[in-house]
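Beneath this line is the structure, given in structure tokens, with notes to follow.
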């Protein structure tokens, strides 16, 4: 028998695992969270939290901590895709009138501490060595804290919140589906001297993208994405190729980067895996965050989805643990809702992440949106997860969009497949 018995053990204490542990602990459940890292610590990340994610932080009582850590508020977005520009910001929702891009050293520590305050037990520096099975049911974990002896912990459910290379997913054989090849790779770092740049998200004509956003400690994060076929060339001269992306996509900003920017940390590369869904549950186990669902970082939805799906899973686990419904039924619904609610973002992200020419429908609608501030801000709200797709893409909405932009009838496209 193991050392202790818990309701839920969460493997991974970052953006998906800690909120899940916090929410379950607030419901009175006994939760253990383990992570190989110690906090505060960094993690490769887009940093970006969309309004939909910020609404969760506000609901959980944590948004003020993000702001209080000196994370800059961003209230203008400069978005461009192959000549189409959208400059503006989404309408405020429930008082959230900005977006924030905290460093993971800041964000993850806030989340871990929130889980602790809620009553979760957190083991840092813990290396998972295996899951414990009873037949085909997961009943716990084995691992060691630092160089200590191997220990075993038992629980009703083990949740893998342990990222792309999830040990929980591998050991349970969670199958992949709806897999789409990864299109690109990222390099990013932090700069001073560019404090007035603000939030930019720009895709050029040569399958290159850059993003810029202010983060903590007065630093500006700069990131580039290029398609996989450019990787070998990029690796041979990272500094030069990084600069070349800015020169190509926005020559004016390229000049400013060369003349004013001072890089203060090493470049961080990310050759991310293919886009995928994994089956998110089974006997005694579940997956959340990148362990169960990953898409191209182009749209910066990883953190926000971790929050949304953490809440979704916490609600269903509570139903099962409280005896309100069978656990398997509750987890099956979590899997179904996760897939349904993320489907549009997944399609949008994997389409734009190719960095190639937009399909005719998206080019027609985005061009029309760029013609007026009202529709620009509405589209930026869709990107931020606070405007529903039907508000733009329903037939009557498309008619109003095209009318407002003065698009001739013979240039109007209504069918994404057409």
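Going residue by residue through the range 192-204, is there one that turns out to be more than 21 Å from the chain's Cα centre (by Cα) and part of a strand (DSSP E or B)? Within the range 192-204, one or more residues are more than 21 Å from the chain's Cα centre (by Cα) and part of a strand (DSSP E or B).
In the range 66-85 there is at least one residue that is under 17 Å from the mean Cα position of the chain (by Cα) and farther than 30 Å from residue 156 by Cβ. On the stretch given as the range 108-124, residues that are outside any strand (DSSP E or B) and either touching a helix residue (DSSP H, G or I) at 6+ places or on another chain (Cβ under 6 Å) or assigned by TED's automatic domain parsing to the domain that holds residue 374 (or both) total 8.
Before we move on, is residue 142 touching a strand residue (DSSP E or B) at 6+ places or on another chain (Cβ under 9 Å) and either free of Cβ contacts under 8 Å to residues at least 60 places away in the same chain or outside the structural domain of residue 278 (by TED's automatic domain parsing) (or both)? When the stated conditions are applied, residue 142 passes them. The single residue among 316, 325 that is modelled with pLDDT of 95 or more and buried (at least 17 other Cβ atoms within 10 Å of the Cβ) turns out to be 316. Applying the selection to the range 362-376, what residues are assigned to a helix (DSSP H, G or I) and touching a helix residue (DSSP H, G or I) at 6+ places or on another chain (Cβ under 9 Å)? 362, 364, 365, 366, 367, 368, 369, 374, 375, 376 - these are the residues of the range 362-376 that are assigned to a helix (DSSP H, G or I) and touching a helix residue (DSSP H, G or I) at 6+ places or on another chain (Cβ under 9 Å). Pairing residues of the range 212-228 that are within 21 Å of residue 185 (Cβ to Cβ) with residues that are part of a helix (DSSP H, G or I) and at pLDDT 95 or above, at Cβ distances under 7 Å and at least 6 apart in sequence or on separate chains, gives 224/242; 224/245; 226/234; 226/245. When we screen 107, 128 for residues that are more than 21 Å from residue 220 (Cβ to Cβ) and crowded, with 21+ Cβ neighbours inside 10 Å, the only hit is 128. Taken residue by residue, the range 316-331 has at least one member that is under 25 Å from residue 51 (Cα atoms), without any contact (Cβ under 8 Å) to a residue 60 or more places away in the chain and either in contact with a strand residue (DSSP E or B) (Cβ under 9 Å, 6 or more places away or on another chain) or in a helix (DSSP H, G or I) (or both).
Counting only residues that are touching a strand residue (DSSP E or B) at 6+ places or on another chain (Cβ under 7 Å), touching a residue at least 40 places away in the same chain (Cβ under 8 Å) and not in a loop (DSSP other than H, G, I, E, B), how many does the range 58-78 have? The total comes to 4. Put simply, of 382, 398 the only residue that is modelled with pLDDT of 95 or more and crowded, with 16+ Cβ neighbours inside 10 Å is 398. Looking at residue 222, is it closer than 16 Å to residue 101 by Cβ, at pLDDT 95 or above and not in a loop (DSSP other than H, G, I, E, B)? It is true that residue 222 is closer than 16 Å to residue 101 by Cβ, at pLDDT 95 or above and not in a loop (DSSP other than H, G, I, E, B).
Looking only at the range 300-307, decide whether some residue is assigned to a loop (DSSP other than H, G, I, E, B) and surrounded by 15 or more Cβ atoms within 10 Å (Cβ to Cβ).
Step one: of the range 300-307, the residues assigned to a loop (DSSP other than H, G, I, E, B) are 300-301.
Filter again for surrounded by 15 or more Cβ atoms within 10 Å (Cβ to Cβ), leaving 300-301.
The answer is yes, given that some residue of the range 300-307 is assigned to a loop (DSSP other than H, G, I, E, B) and surrounded by 15 or more Cβ atoms within 10 Å (Cβ to Cβ).
For the range 229-266, a residue qualifies if it is more than 19 Å from residue 72 (Cβ to Cβ), in contact (Cβ under 8 Å) with a residue 12 or more places away in the chain and in a loop (DSSP other than H, G, I, E, B), and the qualifying residues are 250, 266.
Residues that are closer than 11 Å to residue 304 by Cβ and assigned to a strand (DSSP E or B) within the range 1-57 comprise just one, 49. On the given criteria, is residue 364 buried (at least 24 other Cβ atoms within 10 Å of the Cβ) and either more than 21 Å from residue 14 (Cβ to Cβ) or in contact (Cβ under 8 Å) with a residue 40 or more places away in the chain (or both)? No.
The values are calculated or read from the model by the stated rules, or taken from the named source; none is laboratory data. The structure displayed is predicted, hence computed values, not measured ones. Positions of Cβ are backbone-derived with ideal geometry, glycine not excepted, and every protein chain shown enters the neighbour counts.
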